[in-house]
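**Q** Dropping the structure in here first, questions after.
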Amino acid sequence: MRLTVRAYNVGFGDCILISWDEADRTRHAWFDFGTHHSDDESVYLGVFEDILARTGGRLDLLLISHRHLDHLGGFWQLRTRLGSEFQVERVWHAHVTPEVDNQFKIASDTLSELLPRTLQTGSGVIADVYRNNLAISSKDRMDAIASVFPAASVFQVHRQMDLAASGAMPTGLARMQIEVLAPEQDSTIYLNPIDTSLAARAALDSHFAAFGPVAATRVRASATEAVPLHEAEGAGDEGEDAPPDFLRLADFARLRRQLRSGGLDLLAAVNKSRNNTSIVSRWTWEGVTLLLTGDAELESWAVIRGHGDDFKSTLLKVGHHGSIDASPLWGYEEVFPTRRNTNAVLLSTNPLIFPTGNEVPKGEVLAGWSGRLLYPSRFRRTDAVDRGDAVEFWFDR
């Protein structure tokens, strides 16, 4: 009997196939399928066809951890083939309460109006996060994916759901047990980053009015890359230290409005809140435990810990592609209390997407998880193989 975890290099995104033996046959679960919008999406077709061949088009579970493009983009692009060529018993995606969905929609609409068009369509971190959080990149696309399957087979799962009683659990599982540790049924708990960011921005705004032109110039300098500022005519005539004519700097006025409205902070907070709605699941097969975290950030980890859950695992899928925001310091030892030779870590990432500043994957995260392993070969990264290929772990019993 064997359990296999196969993670594909789709770039900055997740795509994992889990296969395990039950008494009657080999079962399959497909987790996530997407990549960063600036990555090469042509990888989708080859991966799709490889998984189709390996599973014979039969999936016991298709799981979308949360509604971000780097986790569902491939399913969305190939949804017609997905619905016609795969026989899928159960589809899981993360439950988000309608009120929170409405908040996300309002935030998306507000940001569309707030951010300059050049920021929405350009390059850089702001554009990346913006496009990953548009309403069309989340709920609408998730709904389109779900629509290709019979409605009775699709479930929005959360921690408080009785998976067996609701019919969400795939049938015939005896050797494999599945627990859902997150998200919570009440998604409002994940709105805290938005509330916090707006409160912090309100405090900043009260101080912002006191800034004179010289101080504002310093703000301008730090924001030049994010929001290009066009010099006023004749500004250079008085020397580099001359205060700019703010009445004539439309871009600076726009930046000031963004700061006062909390626009940039709101964008980051929405991204964080959506990550925290990720399905976090714990799979146990013949004594082997897999902890699959989606992009759950520190807030979600803390909520799970507050329930007193056991994080101990044989294999961890590192959250959020190795971001510093998804691996709590206490998590290293709680996931791997002892440095066993069976401990294993899986990381799906592309370090070329966010290479500087708050880079992903973060060095501290790599060191933290590596420090809980006896053998470096038990830390496997998708970017170690060619695009479209996969890294594998297998466990025999």
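The values are calculated or read from the model by the stated rules, or taken from the named source; none is laboratory data. Computed from a predicted model, the values in this text were never measured in an experiment. So basically every Cβ, Gly included, is an ideal-geometry build from the backbone, and we count neighbours across all protein chains shown. In case anyone asks, the SASA skips ligands and DNA or RNA and just uses the protein heavy atoms, side chains included. Shrake-Rupley method; radii C 1.70, N 1.55, O 1.52, S 1.80 Å.
**Q** Only one of (1) in contact with an Asp or Glu (Cβ under 9 Å, 6 or more places away or on another chain); (2) crowded, with 21+ Cβ neighbours inside 10 Å; (3) more than 25 Å from Arg67 (Cα to Cα) is not met by Ala344, so which one is it?
**A** Among (1) in contact with an Asp or Glu (Cβ under 9 Å, 6 or more places away or on another chain); (2) crowded, with 21+ Cβ neighbours inside 10 Å; (3) more than 25 Å from Arg67 (Cα to Cα), Ala344 violates only (1).
**Q** Here are some conditions: (1) more than 18 Å from Asp295 (Cα to Cα); (2) in contact with a Pro (Cβ under 7 Å, 6 or more places away or on another chain). Leu347 meets all but one. Which one does it not meet?
**A** Only one criterion in (1) more than 18 Å from Asp295 (Cα to Cα); (2) in contact with a Pro (Cβ under 7 Å, 6 or more places away or on another chain) is unmet by Leu347, namely (1).
**Q** Regarding Arg81, is this residue under 18 Å from Arg141 (Cβ atoms), free of Cβ contacts under 8 Å to residues at least 60 places away in the same chain and of a type in the set (Lys, Arg)?
**A** So Arg81 passes the test.
**Q** Just name the residue that is farthest from the chain's Cα centre (by Cα) out of those in the range 367-391 that are under 16 Å from Phe33 (Cα atoms) and of a type in the set (Asp, Glu).
**A** Among those that are under 16 Å from Phe33 (Cα atoms) and of a type in the set (Asp, Glu), it is Asp389.
**Q** Hey, among the residues in the range 347-383 that are outside any loop (DSSP other than H, G, I, E, B) and either of a type in the set (S, T, N, Q) or free of Cβ contacts under 8 Å to residues at least 24 places away in the same chain (or both), which one's least open to solvent (accessible area, probe 1.4 Å)? Spell out the reasoning first.
**A** Our first condition is that a residue be outside any loop (DSSP other than H, G, I, E, B); within the range 347-383, this holds for 347, 354, 360, 363-370, 376-383.
From what's left, either of a type in the set (S, T, N, Q) or free of Cβ contacts under 8 Å to residues at least 24 places away in the same chain (or both): 363, 367, 370, 376-377, 382.
On the way: Gly363: 39, Ala367: 66, Ser370: 55, Pro376: 110, Ser377: 77, Thr382: 0 Å².
So the residue we want is Thr382.
**Q** Out of (1) open to solvent by 10 Å² or more (accessible area, probe 1.4 Å); (2) modelled with pLDDT of 95 or more, the odd one out for Val129 is which?
**A** That leaves (2) as the condition not met.
**Q** While we're looking at this one, here's another question. Among the candidates Glu49, Glu89, single out the residue that is surrounded by fewer than 21 Cβ atoms within 10 Å (Cβ to Cβ) and either in contact (Cβ under 8 Å) with a residue 40 or more places away in the chain or touching an Asp or Glu at 6+ places or on another chain (Cβ under 9 Å) (or both).
**A** Result: Glu89 is the single residue among Glu49, Glu89 that is surrounded by fewer than 21 Cβ atoms within 10 Å (Cβ to Cβ) and either in contact (Cβ under 8 Å) with a residue 40 or more places away in the chain or touching an Asp or Glu at 6+ places or on another chain (Cβ under 9 Å) (or both).
**Q** Next question. From the list Gly74, Gly34, which residue is open to solvent by less than 60 Å² (accessible area, probe 1.4 Å), part of a helix (DSSP H, G or I), modelled with pLDDT of 95 or more and among the small types (Gly, Ala, Ser)?
**A** None of the others qualify; the one that does is Gly74.
**Q** Same structure again: When residues of the range 138-163 are filtered for being under 16 Å from Arg282 (Cβ atoms) and among the hydrophobic types (A, V, I, L, M, F, W, C), how many remain?
**A** 3
**Q** Looking for something at pLDDT below 95, acidic (Asp, Glu), touching a Lys or Arg at 6+ places or on another chain (Cβ under 9 Å) and buried (at least 19 other Cβ atoms within 10 Å of the Cβ) - is there at least one such residue anywhere in the range 310-319?
**A** Scanning the range 310-319 turns up no residue that is at pLDDT below 95, acidic (Asp, Glu), touching a Lys or Arg at 6+ places or on another chain (Cβ under 9 Å) and buried (at least 19 other Cβ atoms within 10 Å of the Cβ).
**Q** Another one. What number of residues within the range 52-71 satisfy the criterion of being in contact with a strand residue (DSSP E or B) (Cβ under 8 Å, 6 or more places away or on another chain), at pLDDT 95 or above and open to solvent by 10 Å² or more (accessible area, probe 1.4 Å)?
**A** 3
**Q** In addition: Among all residue pairs at least 6 apart or on different chains, which show Cβ distances below 6 Å where the first residue, located in the range 7-32, is without any contact (Cβ under 8 Å) to a residue 12 or more places away in the chain and the second is not charged (D, E, K, R)?
**A** Thr26/Ser19
**Q** Looking at Gly294, Gly357, Gly322, can you tell me which residue is closer than 24 Å to His71 by Cβ, at pLDDT below 95 and small (Gly, Ala, Ser)? It would help to see each step written out before you state the result.
**A** Numbers: Gly294 fails: at pLDDT below 95; Gly322 fails: at pLDDT below 95.
From the options Gly294, Gly357, Gly322, the qualifying one is Gly357.
**Q** Identify, by number, the condition in (1) among the hydrophobic types (A, V, I, L, M, F, W, C); (2) crowded, with 24+ Cβ neighbours inside 10 Å; (3) out of contact with any helix residue (DSSP H, G or I) (no Cβ under 9 Å at 6 or more places or on another chain) that Met1 doesn't meet.
**A** The one condition Met1 does not meet is (2).
**Q** Additional query: Evaluate the following for Pro337: is it touching a residue at least 12 places away in the same chain (Cβ under 8 Å), under 23 Å from Phe31 (Cβ atoms), assigned to a loop (DSSP other than H, G, I, E, B) and not charged (D, E, K, R)?
**A** No.
**Q** Out of the helices (runs of 4 or more DSSP H) lying entirely within the range 142-227, which hold 2 or more residues that are surrounded by fewer than 19 Cβ atoms within 10 Å (Cβ to Cβ) and modelled with pLDDT under 50? It would help to see each step written out before you state the result.
**A** On the way: elements: 163-166, 192-208, 213-223.
Where helices (runs of 4 or more DSSP H) fall fully within the range 142-227 and carry at least 2 residues being surrounded by fewer than 19 Cβ atoms within 10 Å (Cβ to Cβ) and modelled with pLDDT under 50, they are 192-208, 213-223.
**Q** Can you pull out every residue in the range 13-30 that is under 26 Å from His320 (Cβ atoms) and either open to solvent by less than 10 Å² (accessible area, probe 1.4 Å) or of a type in the set (D, E, K, R) (or both)?
**A** Initially, the range 13-30 is screened for residues under 26 Å from His320 (Cβ atoms), giving 13-20, 28-30.
Selection gives Gly13, Asp14, Cys15, Ile16, Leu17, Ile18, Trp20, Ala29, Trp30.
**Q** Limited to the range 279-300, what total is found for residues that are open to solvent by less than 10 Å² (accessible area, probe 1.4 Å) and either assigned to a helix (DSSP H, G or I) or over 24 Å from Leu3 (Cα atoms) (or both)?
**A** Summing the residues that are open to solvent by less than 10 Å² (accessible area, probe 1.4 Å) and either assigned to a helix (DSSP H, G or I) or over 24 Å from Leu3 (Cα atoms) (or both) in the range 279-300 gives 3.
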